[in-house]
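The values are calculated or read from the model by the stated rules, or taken from the named source; none is laboratory data. All values derive from a computational prediction rather than experimental measurement. Cβ: placed from backbone, ideal geometry, glycine included. Neighbour counts: every protein chain shown.
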Amino acid sequence: MKFKTIFEPFKIKSVEPITMSTESERLEYLEQADYNPFRLNSKDVLIDFLTDSGTSAMSSKQWASLMDGDEAYAGSKSWIKMEKEIKDLTGFEHILPTHQGRAGERILYGYLGGKGKIFISNTHFDTTRANIEYSGAEAIDIPIPESAEPMLSHPFKGNMDTDKLKELLKNHSSEEIGGVILTVTNNSGGGQPVSMKNAIEVSNLCKKFNVKFFLDCCRIAENSYFIKTREPGYRRMSYRNIAREMFSLADGCVMSAKKDGLVNMGGFLALKDKDLSDACTNLLIITEGFVTYGGLSGRDMEAISLGLREVFDEDYLKYRIRSTEYLGEMLYRMGIPLIWPIGGHAVYIDAKSFYQHIPVDQYPGQALVCELYIKGGIRSVEIGSVMFGKYDEDGDLIPAPNELVRLAIPRRVYTQSHIEYVIEVFKLLLEERDSVKGFEITEESEFLRHFTAKFRRVS
Ligand code: F0G
């Protein structure tokens, strides 16, 4: 007998209470936060879908391992364990620990970047782009054209456009190219997967044109799930071996272990080339720490070693992807416009289509983020013109291509009834959608304004 229900493949041993609140209390909290959920206290949030980064629940084995953390400055046995685990997974010879993903990005892309260089990606994540641009180099995104259509179905909507890649490689010398980066899964493109076929094509082109190919692999286990279930030829291969095959195509990777490492803090760089690794090691020591801890405690390294194993567990991955997909499917059936198919770690709502009466310069995404919080205590993040909008010379908004709201689901944290509750909140939002008003920005910083901006409701 095959049962339909896939339940959480874990029992709960330790619980963290959620502080309940009423709609009028939340309205007050949000007013105090100037209608920016980044400014809310997390204790005032019922369901926190702000990010899946660093918010995972660790397993009992990971918690137990913390006591084994070896806090030695040099040669910690926790490091030796972590290094061995990462070498086994990635096949790369040189492993550098970092305190999180962006530290690895700054080291690697800072070293390979600089004025006159370009980096090419399916889509650079914000911090990747910021580190590349900060070095003086240019970051070019070339996702496949299908990724621009939110509702268009495609099994690997995170793929890179290899025709455009070929053009770019032909038109630049190999010295001009800092690197080609595949982000798996493609977070900024809706958490969409990249196929092995696409990774092979990218790898072959990079070899042909003698440029370095890196993976931004922070969600590679989730990506492996999609390859196994959607790409011909991979059904019988283990998730871990699928990831290994993808690593074997690249010259190195940058990982934020805060995602598929199933830990609250940590990351690493893994590289094939010794000279590149030596250069990065020098930079690591200047800002992150000694080569055998790189900004991490011994106990963090213990938890990462185990997390990188646990994340490839079949039952875990099936539950993880199915849970995200279930939320997305239910919202889709209710007529909520969203990015389709549903990605691995998050559901992305198309707020421009949802609140068609709110013009983009009144930030429909921010309106949805605020409604989700006021009505349901759900915290999400706007990925639209608040985050990426710019102004022209007259001070008018140049909007972002899409007005999205991301519901990013922390790993192993929420249960099915939390998800059912979120679906119910959306039902209420649907009923009330025509009465919702947009926002204007009253205060903002010049750089990464979404974190601190203040808003006022348009009357
Ligand atoms: N690359 C990708 C694809 C990411 O999603 C992130 C972080 C990073 C790199 C940077 O890693 O945070 O450890 O420095 N994404 C988080 C998010 C912040 O909410 O999507 P980090």
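Quick notes on this structure:
- When restricted to residues that are over 17 Å from Y35 (Cα atoms) and either modelled with pLDDT of 95 or more or not assigned by TED's automatic domain parsing to the domain that holds V381 (or both), the stretch 428-459 contains 8.
- Failed condition for N186, given (1) in contact with a Gly (Cβ under 9 Å, 6 or more places away or on another chain); (2) under 30 Å from G295 (Cα atoms); (3) away from the ligand (no atom under 16 Å from the Cβ): (3)
- When the stretch 294-310 is filtered for residues that are touching a Lys or Arg at 6+ places or on another chain (Cβ under 8 Å) and among the acidic types (D, E), the ones remaining, listed by number, are E302, E310.
- Qualifying positions in the stretch 245-288 - in a loop (DSSP other than H, G, I, E, B), within 16 Å of the ligand (Cβ to nearest atom) and either over 25 Å from L317 (Cα atoms) or in the same structural domain as I321 (by TED's automatic domain parsing) (or both): E288
- First in the stretch 328-342 and part of a strand (DSSP E or B), second anywhere and hydrophobic (A, V, I, L, M, F, W, C) and modelled with pLDDT of 95 or more, Cβ under 7 Å, 6 or more apart: L338/L331; L338/V347; L338/I349
- Yes/no for M237 being within 15 Å of the ligand (Cβ to nearest atom), assigned by TED's automatic domain parsing to the domain that holds N171, surrounded by fewer than 22 Cβ atoms within 10 Å (Cβ to Cβ) and part of a loop (DSSP other than H, G, I, E, B): no
- F214 being in contact with a strand residue (DSSP E or B) (Cβ under 7 Å, 6 or more places away or on another chain), part of a strand (DSSP E or B), buried (at least 19 other Cβ atoms within 10 Å of the Cβ) and among the aromatic types (F, W, Y): yes
- Pairs are defined by a Cβ separation below 8 Å, a sequence spacing of at least 6 or placement on different chains, a first member in the stretch 97-124 that is under 28 Å from S147 (Cα atoms), and a second member that is away from the ligand (no atom under 15 Å from the Cβ) and hydroxyl-bearing (S, T, Y); the pairs so defined are Y109/S135; G113/S135; K117/S135.
- Scanning the stretch 126-164 for residues that are in a helix (DSSP H, G or I) and touching a Pro at 6+ places or on another chain (Cβ under 9 Å) turns up just one, A148.
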